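Okay, so here's the structure we're looking at.
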Amino acid sequence: MLPLAGFTVLDFSQFLSGPLTSLRLADLGARVIKIEKPGTGDICRQLYTSETVLNGTSTVFHAINRNKESIVLDIKSEADCCVIRDLIAKADVVMHNFRPGVMERLGFDYARVREINPSVIYGEISGYGKEGTWAAKPGQDLLLQSLTGMTWLSGDATNGPVPMGLSIVDMFAGGNLCSAILACLYRRAIQKVGAHVHVSMLDSAVDIQFETVTTYFRDGQLLPQRSEVSNAHAYLAAPYGVYRTADGFLALAMGSIPQLRQLLDCPELENFADGEQAFKERDAIKKILMQHLVTKSTAYWLGILEAADIWCADVLDWDRLTAHDGFKIIDMVQRVTMGDGFTYETTRCPIRIDGELLISSKGSPKLGEHTTKILEELYG
């Protein structure tokens, strides 16, 4: 039996951060009921990231809302609010990711939800917290990456700020809320008390950078300096980076410069040592490596470096990744089926419990697909 079997999550959240939290809770066995507004539902249903559409809806919605149920309720309708209050009374977790003040205006903030269900775990994600000059700003991933210095860590120094190609702040905020909810459910099982959990995307964006922020303060508040070529980490010495080869790319992590000189037969590295010099003169070292590695194929260099236990890797695209035995063995892709029979491939939960994969064949819900079923369960 899955560890959260028997728990019910009432989810008001939209877009990515909140739905990622409820997705993980669902994969761990919880029943997740999405509260969606009539007509449009979760705004993410119309958030198209490419020309690919799954069953008439955004691929993003399908990816992050599988394994859930959908009920359509108008939170501005008193009749529907009565239904919501009855659902809250039976829920273990209530969560949302609206801007600060929205749930207070709608009558479903923690204080009023707690009056209905004193032992409830109430979770919320905001963009920037509930106070300060940024509190009312939209909590969108690119904006958070930009405001928190994150875009000055990726890309080469000559490229200007470079955002990460994933909604990384959404993902970490959702993961943080999930962790907190699980901890509070454990406490409730022992102490019989509820909890109010608040995670901000701003806090999460700073926390992701714990390594670099700590270095910044220890370093006399010197700003991170990216290398001019093959930058992959602003605070790591050469050879750390990605290099073009004759037929692709090669990633090099930590490695001894003198050892690389010998292994790669690269005499141009003769005058470079490890330690401080490998950091201070990393641009010169990386330029030499860039000119040298492009002369042979990726497989040629991997054959030499891997045999010497140098940390290196081929740089795969998704076509090559999904065709590789190393990917196939982890079985990360599952096929799920929606209520109307439509099937699609997506990722599975990355967690294994007692050696077992957490697989669910349940796809994302159509808008309001479970409204009748849930109402019948609630009122008979």
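Values quoted throughout were computed directly from the atomic coordinates according to the rules given, and no laboratory measurement underlies them. Note that the structure is a prediction, hence the values are computed from the model and not measured. FYI the Cβ positions are ideal-geometry reconstructions off the backbone, even for glycines, and counts take in every protein chain you see.
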Response to the item:
Most packed first (mean Cβ within 10 Å per residue), the peptides 7-13, 145-151 order as 7-13, 145-151
Discussion item. Can you compute the charge dipole magnitude of the chain about its Cα centre, using +1 on each Lys and Arg Cβ and -1 on each Asp and Glu Cβ, nothing else charged? Give it in debye, rounded to the nearest 20.
Written reply: 880 debye
Worksheet item: Where Rh denotes the Kirkwood radius from the mean inverse Cα pair distance, what is Rg over Rh for the chain?
Response: 1.05
Worksheet item: Residues with beta-carbon under 12 Å from that of residue 198, excluding residue 198: net charge, scoring Lys, Arg +1 and Asp, Glu -1?
Response: -3
Worksheet item: Can you work out ³J(HN,Hα) from phi for every residue in segment 164-172, in order, using Karplus 6.51 cos²θ - 1.76 cosθ + 1.60 and θ = phi - 60°, giving whole Hz and x for Gly and Pro?
Response: 6, x, 9, 7, 5, 5, 3, 5, 6
Item to complete: Provide the FRET efficiency to the nearest 0.05 for the residue 228-residue 263 pair, computing r from the beta carbons and using R0 = 22 Å.
Response: 0.35
Fill in: Sorted largest first, extent of segment 241-323 alpha carbons per principal axis (Å)
41, 22, 21
Fill in: Full-stretch length increase - residue 236, residue 279 - with 0.36 nm per residue and alpha-carbon distance subtracted
14.8 nm
Item to complete: Sum up the charges of everything whose Cβ sits under 10 Å from the Cβ of residue 95, counting Lys and Arg as +1 and Asp and Glu as -1, but leave residue 95 out.
Response: -2
Discussion item. Among 198-204, 240-246, 73-79, how do they line up by average Cβ neighbours within 10 Å per residue, starting with the highest?
Written reply: 198-204, 240-246, 73-79
Discussion item. Tell me the mean residue ellipticity at 222 nm calculated for the chain from its helices only (DSSP H runs of n ≥ 4, each -39500 (n - 2.57), averaged over every residue, nearest 500).
Written reply: -10500 deg cm²/dmol
Practice prompt. Output the Kirkwood hydrodynamic radius of segment 254-380, Cα pairs only, in Å rounded to one decimal.
Written response: 19.7 Å
Discussion item. With unit charges on the beta carbons (Lys and Arg positive, Asp and Glu negative) and the dipole taken about the Cα centre of the chain, which residue among 150, 28, 257 sits farthest to the positive side?
Written reply: 28
Discussion item. I want the antiparallel fraction of DSSP beta bridges within the chain, as a percent rounded to 5.
Written reply: 40 percent
Worksheet entry | Student exercise, segment 103-184 dipole from Lys, Arg, Asp, Glu Cβ charges, in Debye to nearest 20 | 160 debye
Worksheet item: Percent relative contact order of the chain, based on C-alpha pairs within less than 8 angstrom and at least six residues apart?
Response: 16 percent
Worksheet item: Where does each of 114-126, 169-181, 263-275 land if you order them by average Cβ count within 10 Å, highest first?
Response: 169-181, 114-126, 263-275
Worksheet item: Can you list the lysines whose alpha carbon is less than 21 Å from that of residue 68, not counting same-chain residues fewer than 8 positions off?
Response: 34, 37, 90, 362, 366, 373
Worksheet item: Normalised by the residues of segment 241-323, what does the relative contact order come to in percent, with Cα pairs under 8 Å and at least six apart?
Response: 40 percent
